[in-house]
């Protein structure tokens, strides 16, 4: 599952940005080092981190769907979903979009820079409960980031699962994430469907909403709602339409799981920006079954 990434020449030289903050003055659970940084699109990069202490790295473990707090002293901290295999322990991959002060600072760091990592935190996707079942993974935009971890967990134990479908949609071909892995996923017998809203002259794949791909899958003779689990990640508005189709097809809401990580801000339940009534996405989630989400007013 360690597919070769497109080569980007990132020098492991002393970065002047590293001198702008003092890790010794900040509270963190683990000290980690950036081992590689790979541009994926114009806005997103894949950050590979390794917990420095060998014993801490050995003990570190997480479940697909959980997140860590990434800390840059003097800059800030933010929650990010882990996008790597749970078998890799203290070697983590985070796919992060450059959209704010912390992520902009992070985007300028080079290999060898050090950061603080806390966690893992939050609820997770029930990958073990899916053993022996068909698995349906549906992602939109950045939704492929949290989906990648459960996908890798399934593929590393491929024989324990039934049919695996991954449906992924983005606005434009240039926005698609992890394109270098698509062929290898197919080699693990993943039925991969990719669609874009705004095709360009280089695009020869499907065009339109991801719900069209889902309708085709539901209409197939081998679709079995009684033995299928679904994970849906992406813009919350997508949940309504995707989960409505799955409900109509007979899939129980308790077997559909969504991540509300987009609502999170501080990741610690302090800022109250992610609360839905008395429920805090960062403390009670970010992974919920769809039955729970439907009973949280204004969750989506």
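Since every read-out is calculated from the coordinates, none of them should be taken as a lab result. In this text, all values refer to a predicted model and were calculated from it rather than measured experimentally. Virtual Cβ from ideal backbone geometry, glycine too; neighbours counted across all protein chains shown.
Highest average first, the peptides 138-145, 199-206, 52-59 ordered by how many other beta carbon atoms sit within 10 Å of their residues are 138-145, 52-59, 199-206. The ellipsoid that matches the Cα gyration tensor of the chain has semi-axes, each √(5λ) in whole angstrom, of 32, 22, 18, with the longest given first.
Based on Cα coordinates alone, diagonalise the gyration tensor for the range 128-294, multiply each eigenvalue by 5, take square roots, and list the semi-axes in whole Å, largest first. Mind showing how you got there, number by number?
Numbers: eigenvalues 125, 81, 51 Å².
For the range 128-294, the ellipsoid semi-axes come out as 25, 20, 16 Å.
Centre-to-centre separation between the Cα atoms of the range 133-170 and those of the range 54-108: 20 Å. Taking every alpha-carbon pair under 8 Å whose residues sit at least 6 apart, the chain reaches a relative contact order of 17 percent.
Between the beta carbons of residue 245 and residue 289, assuming R0 = 22 Å, the FRET efficiency works out to 0.85 to the nearest 0.05.
So between residue 55 and residue 156, what do we pick up on full extension, going 0.36 nm a residue minus the alpha carbon distance?
On the way: separation 101, 0.36 × 101 = 36.36 nm, distance 2.41 nm.
Taking residue 55 through residue 156 to full extension adds about 33.9 nm, to one decimal.
With contacts taken as Cα pairs under 8 Å at a separation of at least 6 residues, the range 157-219 carries a relative contact order of 36 percent.
The length gained on full extension between residue 172 and residue 43, counted as 0.36 nm times the residue separation minus their Cα-Cα distance, comes to 45.1 nm.
Normalised Debye scattering of the range 35-89 at q = 0.14, 0.23 Å⁻¹ gives log10 I(q)/I(0) of -0.46, -1.17, counting only Cα atoms as equal scatterers and leaving out solvent. Model label points for residue 29 and residue 216, set 7 angstrom from Cα along the Cα-to-Cβ axis, are 4.1 nm apart. For the range 130-271, the relative contact order comes to 27 percent (Cα pairs under 8 Å, sequence separation of at least 6). With each label modelled as a point 7 angstrom along the Cα→C-beta vector, the residue 192-residue 87 pair spans 1.9 nm. Projected label points at residue 226 and residue 203, each 7 Å from Cα along the beta carbon direction, are separated by 3.9 nanometres.
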